[in-house]
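S.K.: A single structure is presented below for examination.
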Amino acid sequence: MRVAIKTLGCRQNQSESDALQESLRRDGHTAVGPDEAADLFIINTCAVTQEADADSRQMIRRAIRHNPLARVVVTGCYAQVASGAVAAIPGVDLVAGNGEKAQLPALISGLGDRRPPLIAVGDIQRVSRFTALPPPIGAARSRALLKIQDGCNYRCTFCIVPETRGPSRSQTNDAAMRDLRALVDAGYPEVVLTGTHLGTYGRDLPIGSSIAGLVARMLEVAAPARLRLSSLDPHEVGEDLVALFDRFGNLCRHLHLPLQSGDEAVLKRMRRPHTADDFRRLVERLAEAVPGIAIGTDIIVGFPDEGDAEFENTYRLLDRLPIAYLHVFSYSQRKGTVAASMPNHVPKSVRATRSAAIRALSEAKWQKFRQTQVGQLFTAVVLDRRDARPGRIEALTDNYITVGIQDAEGYIGRTVDLSIEAVTERETVGRLRARCADDFIPTPEGK
């Protein structure tokens, strides 16, 4: 069958979609794009907000409308928490939970002419072992996504994810190393480690397993390919992990550290496991220890009972720290979370104003960070993304800067050496220095 997959939400969902595609390929199916005619259409949904629920329903209906003869399978977080609502959408053939993703090829094979739709959604809270999916060696990406952890044991008051993903569980060290080798052998120049709560990796494994220990092993095996870490909670970045940046040259100088608020009282109401001061000290430590590191964070504005003073505490903290960029979210009331029933919800107009202020701060910080990199040399992965200007393609540096360069069309999915030449509000412009180690490109005046 011709199989199309559409993914909503987080990078972990993307990694699972890539792995599902690989599973189906091994079963003899052919992958096609989500806009192409398909015999089977899989929607991997998100439920992080009520808006994400609505987006998932819209995508399901769109897939059914555009592929009236195709089998439609819905999986992911929205399928996990709202299986009945999904199954009630006319045209859906199969609803599978997050714990059933590894079984999807078998479930699809057994569909037959079943009506009503098959619902295969188990109790995710009872899942205690990491669900293995094959490494996505055939994914059409310049950088591979490797999931090594799933689930979350924390209970932040704004978050529904523990209900959709279940308890924290880790892939074994040996299995993670095996999958990494497969991706490196397949030629990926960068592997991004993903998970629901990546920093808790190994806590459910035998004593001695940790994210820092696994990353150290992986960096030795991956070289010269590089390794990038997805989000880590601030309190989970210890000195053992910081030391790896100095020890290994193939660990990307980029960390995303979700803060959520810079006010201590708000953090307590959120049940975040760190303080604003913890975050401040970590960011300052990283900026000192790892020159050129790009540090990003997540911020929720307008959390219940966030007043002007609390918001100003967040703004001032972010303003004075060497942060490269901010992902900003206006608080969204999510049914099933503790925060949904908290008093003193912030008016939408106030949330919008605060969001705009933090977004403007993020834009200024991102431009300032990129300007500090002008004139420096980087090894970058060439992406399969064209720049707005003819003949220019994008490449990603280890410290997360997307650079537009000329004459790199033939090097998609490979590394090149480049320098950053100019930065504007909207773009970063680079110059190709070498396409590979033995292909040096001379430039005027030795630049």
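The values are calculated or read from the model by the stated rules, or taken from the named source; none is laboratory data. All figures in this text were calculated on a predicted structure; none of them were measured in a lab. Virtual Cβ from ideal backbone geometry, glycine too; neighbours counted across all protein chains shown.
S.K.: Kindly list, by first and then second residue, each pair from a residue in the stretch 388-402 that is touching a residue at least 60 places away in the same chain (Cβ under 8 Å) to a residue that is among the β-branched types (V, I, T) and crowded, with 16+ Cβ neighbours inside 10 Å, limited to pairs with Cβ atoms under 6 Å and residues at least 6 apart or on different chains.
M.R.: Cβ pairs passing all conditions: L396/V381; L396/T402; I401/T428.
S.K.: Among the residues of the stretch 71-82, is there at least one that is surrounded by fewer than 15 Cβ atoms within 10 Å (Cβ to Cβ) and out of contact with any helix residue (DSSP H, G or I) (no Cβ under 7 Å at 6 or more places or on another chain)?
M.R.: no
S.K.: In addition: Can you report the number of residues in the stretch 220-276 which are over 25 Å from R316 (Cβ atoms), surrounded by fewer than 21 Cβ atoms within 10 Å (Cβ to Cβ) and of a type in the set (K, R)?
M.R.: Counting residues in the stretch 220-276 that are over 25 Å from R316 (Cβ atoms), surrounded by fewer than 21 Cβ atoms within 10 Å (Cβ to Cβ) and of a type in the set (K, R) gives 2.
S.K.: When the residues of the stretch 87-98 are filtered to those that are in contact with a helix residue (DSSP H, G or I) (Cβ under 8 Å, 6 or more places away or on another chain) and assigned to a loop (DSSP other than H, G, I, E, B), which remaining residue is nearest to P206 (Cα to Cα)?
M.R.: G97
S.K.: Additional query: Which strands (runs of 3 or more DSSP E) does the stretch 99-211 wholly contain that include 1 or more residues that are surrounded by fewer than 23 Cβ atoms within 10 Å (Cβ to Cβ), of a type in the set (A, V, I, L, M) and under 17 Å from the mean Cα position of the chain (by Cα)?
M.R.: Qualifying strands (runs of 3 or more DSSP E): 190-194.
S.K.: Next up: Is it the case that P68 is outside any loop (DSSP other than H, G, I, E, B), closer than 20 Å to G33 by Cα and either in contact (Cβ under 8 Å) with a residue 40 or more places away in the chain or over 23 Å from the mean Cα position of the chain (by Cα) (or both)?
M.R.: Considered against the rule, which asks whether it is outside any loop (DSSP other than H, G, I, E, B), closer than 20 Å to G33 by Cα and either in contact (Cβ under 8 Å) with a residue 40 or more places away in the chain or over 23 Å from the mean Cα position of the chain (by Cα) (or both), P68 comes out as no.
S.K.: Looking for something charged (D, E, K, R), more than 30 Å from T379 (Cβ to Cβ) and touching a residue at least 60 places away in the same chain (Cβ under 8 Å) - is there at least one such residue anywhere in the stretch 248-270?
M.R.: yes
S.K.: Tell me the residue from R217, R181 that is within 14 Å of P136 (Cα to Cα), in the same structural domain as D233 (by TED's automatic domain parsing) and either out of contact with any Ser or Thr (no Cβ under 8 Å at 6 or more places or on another chain) or among the polar types (S, T, N, Q) (or both), please.
M.R.: The conditions single out R181.
S.K.: Right, something else. With respect to the numbered conditions (1) of a type in the set (S, T, N, Q); (2) modelled with pLDDT under 95; (3) closer than 18 Å to I60 by Cβ, which one is the sole condition not fulfilled by N98?
M.R.: So the condition that N98 fails would be (2).
S.K.: So if I check each of Q80, Q58, Q149, Q50, which one is assigned by TED's automatic domain parsing to the domain that holds S209 and not aliphatic (A, V, I, L, M)?
M.R.: Q149
S.K.: Of the residues G208, G166, G202, which single one is in contact with a Leu (Cβ under 7 Å, 6 or more places away or on another chain) and on the phi > 0 side of the Ramachandran plot?
M.R.: The conditions single out G202.
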